[in-house]
Structures are given as structure tokens and as C-alpha cells.
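The values are calculated or read from the model by the stated rules, or taken from the named source; none is laboratory data. Worth saying up front: this structure is predicted, and the values here are computed from it rather than measured. Virtual Cβ from ideal backbone geometry, glycine too; neighbours counted across all protein chains shown.
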Amino acid sequence: MSDQTTIIPRIVLELFQVAVESPLHPGESEVEGMDLKMRAGEFWVISGVSNNAKSSILPTLAGLQKPLSGLSLLLGQNFQELSDQEMIVERRRIGTVFQGGGKMLKGLTVWENISLPIQYHLELSWADAAPKGMQIIEKAGLKAFASRLPSDFPASWQQRVGLARALALEPEIVLIDRPLGTLEFRHWNWWLKFLTRLQHGEIWGKTCSVIVTTDDPAPWADYATHFAAVEGKAFRVFATKQEALKSPQALADEISPEDFMGDF
């Protein structure tokens, strides 16, 4: 009989009956009754038809927006109860990439955009921060663009710069809005494999919890561990990775209505 004990990873994100506020109609809910329990090292894919509320939930998941109702615990804490200084410290543990890579500082190079958060948050000199920034750039396959402005190259590469900047402080959780949505197809394989390596701890030597939103869950079926969907105002968790791999097409069909607007 084995004496080995199974270690259950800690919970990093937990939602109890959360209502997410609409970005277009303040005070009104975009998603209601949202329950979620995510453990360290899990890879979640949240799908929904094009232009639905799946992207609107990311600020709430990331602790950037207060729920209209319900309770959201991120890394074991209610971010809405933290002081400003505590919030600054805790946000270092979370990386967020909005669609298109987010807003870069236009006058700064890729290297500077990625190194600046390191210099600021870790209170380092530029001489100490810049090598750390270059390390991230190299891991993201962006060394050829390091000294160029983000606006100098195509959107698919700009989105990768956004990911590199989100990883600058080696976060424990990374949330990414529709990473495949605007990419050229030839970039898909890199994203799928890189995020899986990140999740498994092959980038920093420690696991990372990953959440992505998508129009079409099918490309993620062999990579994610958990799947959920936003359907109207409802949030539904409906498959583990093992269930998904039995029939990836069936999984896609279950999530997607006939008029589904996918990433293809």
C-alpha cells in the first residue's frame, strides 16, 4: 500500500453567485449567478458567441472591477477590502492581456515597455530591470523586435508583446482575452504551446494558472484543463479536459449554436 499523499493545489480564484456589471450600462448586470473555483496550475477556457459578455467578466476575475453582487476571492483575498498599498502588492501576482495586447506606451521600445513595470514595481534601477526584461523578451520569441516600437510590426506580434508585458512580474495567474481572435493562423501553434508550458511551470520553474476567453473552444481542447461558457447572462462550467478530449467536436458543438462566429 502506497504511503504517498495526494497534494490538492490551493484555490487561487473563487466566485460565489457573482453578478458582473455591464461596461456599457453601469448598474446593470452582464452576467449573473457566476460560480467558479479555480486551483493553482489549472488552465481554464471560457467561451461564448462573438460579442457576448465573456470579455466583460475578465476585469472582475482579475480584481479590477467590483462585482455588482456576490463574492469574489482572488488569491484568497477580497480585493475590494484591500488598502491601496495592499492592492498594488497583490496586483503584481496577476497578469492581464486584453484583446490586441492592450495599450503600449507609444514612445517606448518593446524592451522599454516590458522592463518599465519591472523597474517600477520592484523598485530597481534601469540597469537591473533591463536584463530581466530581456529575459522575458527572449522567452516570448521577441528578441528581434526588442529595440523597435510596438507600432512598427503587425497586430499578431503586438499581442505577443502584450503577453510578455503581462508576464514581466512572473504572475501566479494570467488572464487573456481572445488570444487567438485576431491572430494570423501561423501564430496559433505558438500561443497554444507557450501557454501550456507557462501553465506547467516550464517558463519560470513554477506553475501558473491560466484563463483565456474565446469564441471557439475547439482549438483549446487538447490544452485546457477546464471549460466554461457564457450563455446569455448565465455562466456554466460544463467539462473537464478529460471529457473534452473524448470528443473535441462534440464539445465545440455543445458550446456553439448554429450561427456561432468562431475564430476560423
Could you list all residues from the range 33-58 that are part of a strand (DSSP E or B), surrounded by fewer than 17 Cβ atoms within 10 Å (Cβ to Cβ) and in contact (Cβ under 8 Å) with a residue 40 or more places away in the chain? 33, 35, 39
So which residues in the range 76-113 are surrounded by 14 or more Cβ atoms within 10 Å (Cβ to Cβ) and assigned to a loop (DSSP other than H, G, I, E, B), if there are any at all? 82, 92, 93, 98, 102, 104, 108, 109
Out of all the residues in the range 147-186, which are without any contact (Cβ under 8 Å) to a residue 40 or more places away in the chain, crowded, with 17+ Cβ neighbours inside 10 Å and more than 19 Å from residue 215 (Cβ to Cβ)? 157
Does at least one position in the range 116-138 carry a residue that is of a type in the set (Lys, Arg) and surrounded by fewer than 16 Cβ atoms within 10 Å (Cβ to Cβ)? no
So, in the range 1-20, of the ones that are of a type in the set (S, T, N, Q) and not in a strand (DSSP E or B), which residue ends up modelled with the highest pLDDT? 6
Inter-residue pairs, beta-carbon under 8 Å, first over 21 Å from residue 160 (Cα atoms) and in the range 114-135, second in a loop (DSSP other than H, G, I, E, B), 6+ apart: 121/92; 121/169; 122/169
Filter result for residue 27 (touching a Ser or Thr at 6+ places or on another chain (Cβ under 6 Å) and part of a loop (DSSP other than H, G, I, E, B)): no
Is there any pair with a first residue in the range 12-24 that is within 15 Å of residue 173 (Cα to Cα) and a second that is in a loop (DSSP other than H, G, I, E, B) and at pLDDT 95 or above whose Cβ atoms are under 6 Å apart and which are 6 or more apart or on different chains, and what are they? 12/40
Looking at 181, 162, 205, can you tell me which residue is among the small types (Gly, Ala, Ser) and over 14 Å from the mean Cα position of the chain (by Cα)? 205
Which of (1) in a loop (DSSP other than H, G, I, E, B); (2) at pLDDT 85 or above is the odd one out, the single condition residue 118 does not satisfy? (1)
Residue hits (the range 197-240; surrounded by fewer than 20 Cβ atoms within 10 Å (Cβ to Cβ) and among the aromatic types (Phe, Trp, Tyr)) are 204, 223, 238
When residues of the range 62-74 are limited to those that are aliphatic (A, V, I, L, M) and in contact with a strand residue (DSSP E or B) (Cβ under 6 Å, 6 or more places away or on another chain), the one nearest to residue 182 (Cα to Cα): 62
Restricting to helices (runs of 4 or more DSSP H) lying wholly in the range 129-247: which have 1 or more residues that are among the acidic types (Asp, Glu) and modelled with pLDDT under 95? 241-246
